[in-house]
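J.: Handing you this structure, nothing more for now.
No value in this document is a laboratory result; all are computed from the given coordinates. Because the structure is predicted, anything quoted here is derived from the model rather than measured. A quick note on method: Cβ atoms are made from the backbone with ideal geometry, for glycine too, and the neighbour counts reach across all protein chains shown.
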Amino acid sequence: MAAGHGNEIMIKDTLVFLFAAGVAVPIFRFIRLPAIVGFMISGIALGPFALGALSEQFPILEYISISDPAAAAPFAELGVLFLLFLLGLEFSFEKLWGLKRIVFGAGGIHAAISTIVIASVAWVLNPDPVFAIVCGLALALSSTAIVMQLLVDNKDATRPVGRSTFGILLFQDILVAPILIFVGLVDIEAGESLSGVLVGALVQGLIAIGVIFVIGRFALRRIFRMVASAGGRDFLMALTLLTLVGASAITASADLSLALGAFLAGLLLGETEFKHQAEVDLEPFKGLLLGLFFMTVGMGLDLPAIAANPHYIIFGLVLLLLIKLIAGFVATRLMTGSTTIAIESSFYLAPAGEFAFVVTAAASAAGILPANITAMLAAIAGISMLITPAMAMAGRRVSARFKADSDTDKVEEIVDFSTHTGHVVIAGFGRVGTVVARMLIEEGVDIVALDRNMRHITNARKEGLRAYLGDASRPEMLASVGLEGASAFIVTVDNPAIVETMVRSVRSVRPDIPILARAHDQGHAGSLEIAGADYVVPEVVETGLQLAGQTLRKYGYDYETVRSLLAAERDREYHSADPDADEHKHETTA
């Protein structure tokens, strides 16, 4: 019975969450509130401190509130892992190393200033060094999940401000293990030395990162290729999830951040041809699970504690934002030299993060923080996270008042095909696609290619060509390879039905892009033109013309005569398929 009752609660809570995701949040979006705010407000309203607290007096409210918030935590954490994994796909180790000044320079300065100043304020309130330091560490870090989602939503993730902000957040994720070790030192057993604990933790962390690196560098691509050759997107999805969760488990076992493991897994997979397929497959799950994470943040906001100490909490919130705004501006300005980047980044980073709940809970269990202080710090952190979207918007407006610096691109550029411009997308990378790509590359044209055949992708990658596994008929895949900014789309696939589907899909996404397609015969060419292709080459016609031309040359016809005869026949063939076609539209060279 107990198990059955537990299942009923889980099903009911799932329905409540789906109601929030499918009905409540879209309503918030309709009134122009960010989805993050919608999920957090839904979490507050449906959580244990609002409707849930009233369920004893009004039992019917139990059916429209979350009964067991702790049960959602693992799934919410998975959303954060998906976000960091997808972010890692957009990086490489070389690009990450290029951000070392931001990660260790700006990240270290921001964390140091924030921690020291917040701890100093806490010391004034309670002259206990451990108490003060824990308060500083708890509130110094920002929310990776919320900030990175806002950067993506605002299309700032690949801009210099996004890379600077992410570099600081990455350093904060690295700090998770040392902070938890420090908090745990209160319960350290007699005979254990501080240096021994720290050295052991460092070795353990380096081993975990080394294991992920070795597996990723020497086994990941081979395993993915083997699974792709076996066929089936479901197998690739399972392997992608195994990579993500496995890397997170390895870092967690070394007392490092779960998110750090997910980011490293994405970093390694991003260097393979499976990058875009993984992005497309995980994107829908990321959004839903991140929504659950934001709801859990809202559910953790203790409304009675806020109501009991509103003045202290408001004062603490304002002070926190001011301290971290200054810390963020100083750190980013020193490392990037850009005022506008520093302003925007500091507003993104000013609120506290979800790690504040972890630190305060651990400190409370260790007896460092009294229960009332723990509740107050959690309330300040929760409210600051709730207003993060408003802070980001304010940062954009404030920075817009300053003239853009001439060196805003000091942070190294990161290639992101979704915002790429001027390149050519090639669908189908067999022999025809490879020939087209080579000729374009020799003339300095930037290309990105997609193919559903793993063997074609493997061969292309061996030649150093930029090719990825993916279905070019899917709008989300087209978006990931930057169709919006592409200069042309070329289809070289030999399956007539698939070619037509791709042409229609591309034309629906980009009505203005030139589409060049390979057709089977004249009839197929006509269908492709109706579907939206601008230039069609029927392979049957071209093969026949080439054979006829070579035969005429053998009979002694000179080159110019053969060329004229082929041009005339080509016009007749193309016009028989489309009498209204412009006679110059299909002109090619024999």
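J.: Compute the acute angle (0 to 90°) between the alpha-carbon long axis of helix 107-125 and the principal axis of greatest extent of the alpha-carbon atoms of the chain; round to the nearest 10°.
T.: 20 degrees
J.: Farthest toward the dipole's positive end in the chain, which of Ile36, Leu87, Ala331, given Cβ charges of +1 (Lys, Arg) and -1 (Asp, Glu) about the Cα centre?
T.: Most positive-ward Cα: Ala331.
J.: Treating only the Cβ of Lys, Arg, Asp and Glu as charged (+1, +1, -1, -1), what charge dipole size does the range 417-577 show about its Cα centre? Round to the nearest 20 debye. Don't skip to the end; give the middle numbers.
T.: Details: 17 positive and 21 negative charges, 96 e Å.
In debye, rounded to 20, the range 417-577 gives about 460.
J.: Dipole of the range 417-577 (Lys/Arg Cβ +1, Asp/Glu Cβ -1, origin at the Cα centre): which of Phe429, Leu566, Val536 lies farthest to the positive side?
T.: The residue sitting most towards the positive pole is Phe429.
J.: Could I ask something else about it? Once a ≥ b ≥ c are taken as the square roots of the eigenvalues of the Cα gyration tensor of the chain, is the result rounded (a/c under 1.5), prolate (a/b larger than b/c) or oblate (a/b not larger than b/c)?
T.: Verdict is prolate for the chain.
J.: To the nearest 500 deg cm²/dmol, what mean residue ellipticity at 222 nm is calculated for the chain from DSSP H runs of n ≥ 4 alone, each contributing -39,500 (n - 2.57), summed and divided by the residues?
T.: After summing the helix terms and dividing by the residues of the chain, the value is -21500 deg cm²/dmol.
J.: Just to be sure I understand the model, the point goes 7 Å from the Cα along the line to the Cβ. What's the resulting Ser508 to Glu560 distance in nm?
T.: Between Ser508 and Glu560, the simple spin-label model gives 5.1 nm.
J.: Taking R0 as 35 Å, what FRET efficiency do you get between Val214 and Ala73 from their Cβ-Cβ distance, rounded to the nearest 0.05?
T.: 0.65
J.: Enter the angle in degrees (range 0 to 90, nearest 10) between the Cα long axis of helix 388-400 and the first principal axis of the Cα atoms of the chain, meaning the one along which they spread out most.
T.: Once rounded, one gets 70 degrees.
J.: Grab the Cα-Cα distance for Val23 and Asn126, subtract it from 0.36 nm times how many residues apart they are, and report the gain in nm with one decimal.
T.: 32.5 nm
J.: Points 7 angstrom from Cα along the Cβ direction at Ala394 and Phe235: gap in nanometres?
T.: Going by the 7 Å Cα→Cβ label model, 5.4 nm.
J.: Something else now. Please give the charge dipole size of the chain, origin at the Cα centre, charges +1 on K and R Cβ atoms and -1 on D and E Cβ atoms. Round to the nearest 20 debye.
T.: So the dipole magnitude of the chain works out to roughly 840 debye.
J.: In the range 220-265, which trypsin sites (Lys or Arg not before Pro) are in a loop and have at most 10 other Cβ atoms within 10 Å, using DSSP for the loop call?
T.: For trypsin sites (Lys or Arg not before Pro) across the range 220-265 that sit outside H, G, I, E and B with at most 10 neighbouring Cβ atoms in 10 Å, the list is empty.
J.: Treating the angle as unsigned and between 0 and 90°, give the value, to the nearest 10°, between the Cα long axis of helix 2-19 and the longest Cα principal axis of the chain.
T.: In the chain, helix 2-19 runs at an angle near 60 degrees to the longest axis.
J.: Report the antiparallel proportion of the DSSP beta bridges in the chain as a percent, rounded to a multiple of 5.
T.: Taking every DSSP beta bridge within the chain, about 0 percent pair in antiparallel fashion.
J.: Could you calculate the contour length gain from Ile60 to Lys100, that is, 0.36 nm times the residue separation minus the distance between their Cα atoms, to one decimal place in nm?
T.: So the chain would gain 8.9 nm between Ile60 and Lys100.
J.: Place +1 on the Cβ of every Lys and Arg and -1 on the Cβ of every Asp and Glu in the chain, take the dipole about the Cα centre, and give the residue among Val506, Phe357, Leu175 whose Cα lies farthest towards its positive end.
T.: Leu175
J.: With each pseudo-label sitting 7 Å past Cα toward Cβ, what's the Ile207-Phe30 distance in nm, one decimal?
T.: 5.6 nm
J.: Compute the label zone of Asn372 within the range 305-324: residues whose backbone N is under 15 Å from the point 7 Å along Cα-to-Cβ.
T.: Answer for this model: 305-313.
J.: Only Cα pairs under 8 Å and at least 6 apart count here; give the relative contact order of the chain as a rounded whole percent.
T.: On the way: 916 pairs, mean separation 92.8, N = 590.
In percent, rounded to a whole number, it is 16.
J.: Return the subset of Lys100/Lys462; Lys12/Lys286; Lys12/Lys275; Lys12/Lys324; Lys286/Lys324 for which the Cα-Cα distance in this structure is over 32 Å, preserving the input order.
T.: Lys12/Lys275; Lys12/Lys324
J.: Report, in debye and to the nearest 20, how large the dipole of the range 482-570 comes out about its Cα centre when Lys and Arg carry +1 and Asp and Glu carry -1 on their Cβ.
T.: Computed about the Cα centre, the dipole is about 100 debye.
J.: Neighbour counts of other C-beta atoms within 10 Å: give me Glu443, Glu283 arranged from fewest to most.
T.: Lowest to highest Cβ neighbour count: Glu443, Glu283.
J.: Assign one of three labels to the range 16-166, namely rounded, prolate or oblate, based on the Cα gyration tensor with a ≥ b ≥ c the square roots of its eigenvalues; rounded applies when a/c is under 1.5, prolate when it is not and a/b is larger than b/c, and oblate otherwise. Mind showing how you got there, number by number?
T.: Numbers: a/c = 2.56, a/b = 1.33, b/c = 1.93.
Taking the square roots of the gyration eigenvalues as a ≥ b ≥ c, the range 16-166 is oblate.
J.: What is the fewest-to-most order of Glu442, Glu539 by other Cβ atoms lying within 10 Å of their Cβ?
T.: Ranked by crowding around the Cβ, least crowded first: Glu442, Glu539.
J.: Using 0.36 nm times the number of residues separating Leu547 and Thr458, minus their current alpha carbon distance, what extension gain do you get?
T.: The Leu547-Thr458 span can extend by a further 28.9 nm.
J.: As a footprinting exposure proxy, order His456, His520 by other Cβ within 10 Å, with the fewest listed first.
T.: His520, His456
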